[in-house]
1. What is the order of 302, 109, 80, 229, fewest Cβ neighbours within 10 Å to most?
2. What is the distance, in nm, between label points placed 7 Å from the Cα along the Cα-to-Cβ direction at residue 172 and at residue 121?
3. Read through the labelled values [x] 45; [y] 54; [z] 33 and report the label of the one computed as percent of Cα pairs over 30 Å apart from the structure.
4. Would you order 132, 262 from fewest to most other beta-carbon atoms within 10 Å of each residue's own beta-carbon?
5. Run the quick spin-label model on residue 113 and residue 272: label points 7 Å from Cα toward the beta carbon, then report their separation in nm to one decimal.
6. Want the number for residue 68 to residue 160: 0.36 nm per residue separation, take away the alpha-carbon distance, what's left?
7. What is the packing order of peptides 288-299, 61-72, taking the mean over residues of other C-beta atoms within 10 Å and listing the highest first?
8. Can you give the FRET efficiency to the nearest 0.05 for residue 293 and residue 188, using r as the Cβ-Cβ distance and R₀ = 25 Å?
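FYI, it's all coordinate maths here, none of it is from the lab. Because the structure is a prediction, the values reported are computed rather than measured. For neighbour counting, all protein chains shown are included, and Cβ atoms are generated from backbone atoms with ideal geometry for every residue, glycine included.
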């Protein structure tokens with residue numbers, strides 16, 4: 001039985017009638033250094049970094065004699081090629097399967113010679129390029145929703161029964177998406193409606209969350225499960241929105257405007273997206289303007305212990321992605 005039909009039956013019974021992000025990038029997908037400037041780069045967790053070039057774009061357009069490249073990682077040690085760090089003979093760097101501890105300052109020093117053709121006089125030139133790389137995740141989405149229903153009176157057991165039935169219907173509507181309704185609540189208010197006098201109405205609020213019991217089963221082999229949970233919660237949002245649209249349609253088209261005393265108030269459905277970040281990540285639009293909507297790894301001196309959206313200060317933290325304050 002379709003959910004809207006079930007709710008209709010209940011109402012009549014009661015009344016009796018569901019990236020990468022970079023700051024600088026070329027057409028080839030390379031990111032070049034900028035002399036004297038820090039280049040910020042954001043790499044999604046468990047993805048490969050973009051290719052960092054140990055040159056600025058102008059230098060790359062010119063001949064470079066006897067170039068050598070020295071990459072220094074966030075631990076202030078020289079980077080060498082391994083299963084995770086890939087450095088080419090032309091000084092290009094890529095970090096594979098990026099993780100929180102890999103965040104930090106990557107510095108490359110380019111050394112090359114200038115040669116005077118007439119005298120063969122050589123001069124060694126050095127140029128340093130700084131890249132700041134941050135791991136990030138997409139935020140986990142949930143939705144705060146609100147609807148209103150008319151009622152016969154603010155006193156009586158029918159209001160509570162409607163509230164419980166509605167929650168059950170919505171849960172069933174999105175259960176296959178591993179989503180559920182949390183923190184439901186309602187209050188009854190008397191509303192003066194133009195041309196209709198005083199009408200008691202139930203103001204119902206609830207949150208739709210993508211982490212119903214057993215939600216990890218939907219992730220399967222996916223490492224970045226937020227991609228799946230966010231896809232599911234978007235579907236859940238659309239289903240619930242369609243459900244309430246159907247409520248307005250059935251009452252205003254199928255009953256010739258003879259409505260039961262308890263019915264959905266047309267256009268009362270409201271929805272707001274709520275973002276949260278996993279522990280060790282947070283949002284900071286001022287610091288990370290190029291990734292303002294991202295959950296960026298908490299920098300040293302900060303931590304995030306829960307699913308908040310900000311990293312908190314902790315001077316004893318010296319790592320990226322801290323989840324506690326020692």
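1. Details: 302 22, 109 15, 80 9, 229 25.
In order of increasing Cβ crowding within 10 Å: 80, 109, 302, 229.
2. Output for this residue pair reads 9.0 nm.
3. Among [x] 45; [y] 54; [z] 33, the one derived from this structure is [y].
4. 132, 262
5. So the label points at residue 113 and residue 272 sit 6.6 nm apart.
6. Additional length available on full extension: 25.7 nm.
7. Working: 288-299: 20.9, 61-72: 13.5.
Ranking, from highest mean packing down: 288-299, 61-72.
8. Working: r = 37 Å, r/R0 = 1.50.
Efficiency computed from Cβ-Cβ geometry: 0.10.
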